[in-house]
Structure formats: structure tokens, C-alpha cells
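These notes concern the structure reproduced below.
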């Protein structure tokens, strides 16, 4: 595929992000061909070292969130650093910065300051709580969205609520911010005007859990956690087999009919306790108990084969290692092994989560080492080697 097939070729993005929401947004844009420059303070940002996998302490989070980017080190708080930021902004189309509003202002990365340099700039930001409420200035991570949208309350048990180990709020917010950035680029192409794109962790979490909130306000069911058992249909649960665990779930009358036949419980089809999805959800404990007995007599492979024959969605419960080893994951290209300096084994990187038939996101380059492209980028801005050396001596870069 030629470089021209990348839809964002020619678009430059400055990534001042940290951790997941900002950097992953920028990574998705980089996958689609944008020239993304990660700007990191000298010595490295704190997110560089999360879950270390390399000899120098670089972490798994950094390796994933910064593929396809170039990287430079820069102190944007000093006068020389501010001047470099201005020169970078003058060449850019998008600035990504999941930083609090007051930090953006202090670094002249707020929309008003950016527009004095590049009037049509697009600023993509992510905050924890979103604008307009009493908590708008508070800081936060992925977990605040999980616990405040109702998700954690309905996960686990009433005595032990649980948050998901996967940062779905961060990744969801990054994806929505990337979507908003693409829309802003389209708008700029139509009008010549830039704008601010603002995501928020709590905004994402509330949106993703919206059906539950609609049900609560409209019907007032006051649901509580039921471990892994679904509450609006059944079966919908995790079941222990002779050699592992599986997930199985049925939604709708045709699927429940097939399940009842598989279980040998055809008479349940006329039982008023199971008359529809909601009733089956209300009586899900009975249904889960029946299926648990069925699963306990079978291996994972046997149970999954029979459920697939009955066209009932099911899947094995995997450890991270089993996910890495799964044949479908590998053959479908859901992970691509690549080298990274100082890591003893090749690292499995997930490609862009959405596949475009004509202009797919592509893995072009590994995540850069600390400041790997600083000299190259400054040279593009017109700095001579002696000037770059002086900036490094003064710890500007």
C-alpha cells in the first residue's frame, strides 16, 4: 500500500499527552498516517515507566501508546522551550494534550494561546470530569469514570464492588477524542476554521453505561451486583467446566429455546418465570444453577462445541498468556509481534481496532526511545547543530 493511501498523510500532530487518554488518541491518528511528535520533558514523563519491560525501565504502556510516533524532549516551561513550542505549533494541525486547563494555560497550550500562533489549529484535550460542573477542576484517572457511572457498583457483589482491570474508560475516551479530532479536521477542510475537541473520562463512562441509567430512571429497578450474572436476560454468566471456565449468554426467545432444548428443559419454555428476557434475568440464578451443573460435566472444548452447535454465543475465559497463545487472535492479526530495544522478547502490539478496507491503520514504526528524534525535528524547524547542542547543555531539550 502506498503512503498516499494513509488518510492523514500530511497532517502533523503535537502530542503533549500522558498515560493513556491523550497518547492513545494520538497513536490512533498516527496509525492513520499523521506525523505525530510526542513531546516529553527531559528525563522522560512518568508514563514512560509504567509496567517496565525493557532494560532501561521503559514500560508496556509507553510501548503501546506511542507506536508510529517521533519523539523529542523539551522543557516547555522555560523561555527557550516556549519559543520551540511556538515554532512547532506553527507547523502543526492538531495539538493533543490531556492536561488540566490550568496547566494548558500555564504552558500556553490553551486554545486562545495556540490561535495566536496558528489561527486554524485544532486542540484536542481530555479532562477527568468534563467542563461545567463543580468537579471540573479535579484530576482523575480511568477508575473515577468506572466508579461514578454505576459500573463498579454493578460488578462483583454488594459487599465487594469491583472495577475492571482493563482501562476501558481511558481507551474509550481516547477513541472518542480521535473521532472528534477527525471530525474537526473535516470541518476545517470545509471552513478553514479550527476548534477545541474535549473528551472527559466521566463523560465517556456515563455514555457507555447510559442504558443502565435510562432503565434506572424510567423503571427504578434499583439493581445490585450479581457477580458475573447478567440481569436483563439469561443464561448470562461465567460457568466452571472440568478444566476451566466459559462465558455463555442467550438473548431473545429463539436463542433461549435452543438453550432450553440443549439443557433438556423444554418445559421451561412454558414456565412463567422465563416468559421473556426480563423475567429470565429476574430468575437468572435458577438458570445459571442449571447451566453450571451442565458445564461441570464437560471440558471447555466439549461445552463450547455443543453451545456453538446450538448457536449460543460462548467463549473460553483466558489468562493473559492464553490470550497471547490463541490461534484466532494470531491468525486474525489481532496482535503483531515487533522488536523494541532492550526487551528480551518481541512485544505483541494490537493494530488499529477498526479495520478500513481501503485505508487501514498501519504499524510503521516502534515507539521511539527517549528523545530519539529531537535533533531531527529541531533541524526541520531551522535550528543548526551548534544551537541544538547549546539547548541540550542548558537542559531545554
Could you work out the Rg to Rh ratio of the range 276-397, with Rh taken as the Kirkwood radius (inverse of the mean 1/r over all Cα pairs)?
1.27
Would you list the P(r) distribution for the range 1-109, with all Cα-Cα distances sorted into 10 Å bins from 0 and each bin expressed as a whole %?
15, 45, 31, 9, 0
1/(1 + (r/R0)^6) with r = Cβ-Cβ of residue 147 and residue 387, R0 = 35 Å, i.e. FRET efficiency to nearest 0.05, evaluates to 0.10
May I ask for the angle, rounded to the nearest 10°, between helix 79-91 and the longest principal axis of the chain, with both axes built from Cα atoms and the value confined to 0 to 90°?
70
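What does the helix-only formula give at 222 nm for the chain: each DSSP H stretch with n ≥ 4 adding -39500 (n - 2.57), the total divided by the residues, and the result rounded to the nearest 500 deg cm²/dmol? Before the final figure, lay out the partial values.
Working: 17 runs with 159 residues, N = 397.
After summing the helix terms and dividing by the residues of the chain, the value is -11500 deg cm²/dmol.
If packing is taken as the average number of other Cβ atoms within 10 Å across a peptide's residues, how do 75-83, 180-188 rank, most packed first? Numbers along the way, then the final one.
Details: 75-83: 15.4, 180-188: 17.3.
Those peptides, ordered most packed to least, come out 180-188, 75-83.
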If one compares the long axis through the Cα atoms of helix 284-296 with the longest principal axis of the Cα atoms of the chain, the angle in degrees, nearest 10, works out at 90
Would you mind checking the range 97-123 for residues with the amide N under 19 Å from a putative spin-label position 7 Å along Cα→C-beta of residue 136?
97-114, 123
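In µm²/s, what is D for the range 269-315 at 4 °C and 1.567 mPa s, where D = kT/(6 pi eta Rh) by Stokes-Einstein and Rh is the Kirkwood radius from Cα pairs? Can you show the working numbers first?
On the way: Rh = 11.8 Å.
Once the numbers are plugged in, D ends up at 109 µm²/s.
Going by average Cβ density within 10 Å per residue, which order do the peptides 44-50, 338-344 take, highest to lowest? Before the final figure, lay out the partial values.
Values: 44-50: 16.9, 338-344: 13.4.
Put in order of decreasing packing, that is 44-50, 338-344.
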Could you please state, rounded to a whole Å, how far the C-alpha centre of the range 106-165 is from the C-alpha centre of the range 337-397?
27
If the chain between residue 276 and residue 220 were fully stretched, how many nm would it gain, using 0.36 nm times the residue separation less the Cα-Cα distance?
18.3 nm
In nm, the gap between the two label points placed 7 Å beyond Cα toward Cβ at residue 159 and residue 183 is 4.5
Considering only DSSP beta bridges where both residues belong to the chain, give the percentage that are antiparallel (nearest 5).
40
Mean 1/r over all different Cα pairs, inverted: what Kirkwood radius does the chain give, in Å?
23.9
Residue 337 and residue 305 label points (each 7 Å along its Cα→Cβ direction) are spaced in nm at 2.9
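Normalising by the residue count of the chain, find the relative contact order in percent from Cα pairs under 8 Å and 6+ residues apart. Walk me through the numbers before you get to the answer.
Numbers: 715 pairs, mean separation 75.9, N = 397.
Once divided by the residue count of the chain, the mean separation gives 19 percent.
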Using alpha-carbon coordinates, inclination of helix 168-191 to the longest axis of the chain, degrees:
50
Roughly how far apart, in whole Å, are the Cα centres of the range 184-227 and the range 17-35?
20
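Values quoted throughout were computed directly from the atomic coordinates according to the rules given, and no laboratory measurement underlies them. Owing to the predicted nature of the structure, the values given are computational and were not obtained by experimental measurement. No Cβ is skipped: glycine too gets one built from the backbone with ideal geometry, and neighbour counts run over all protein chains shown.
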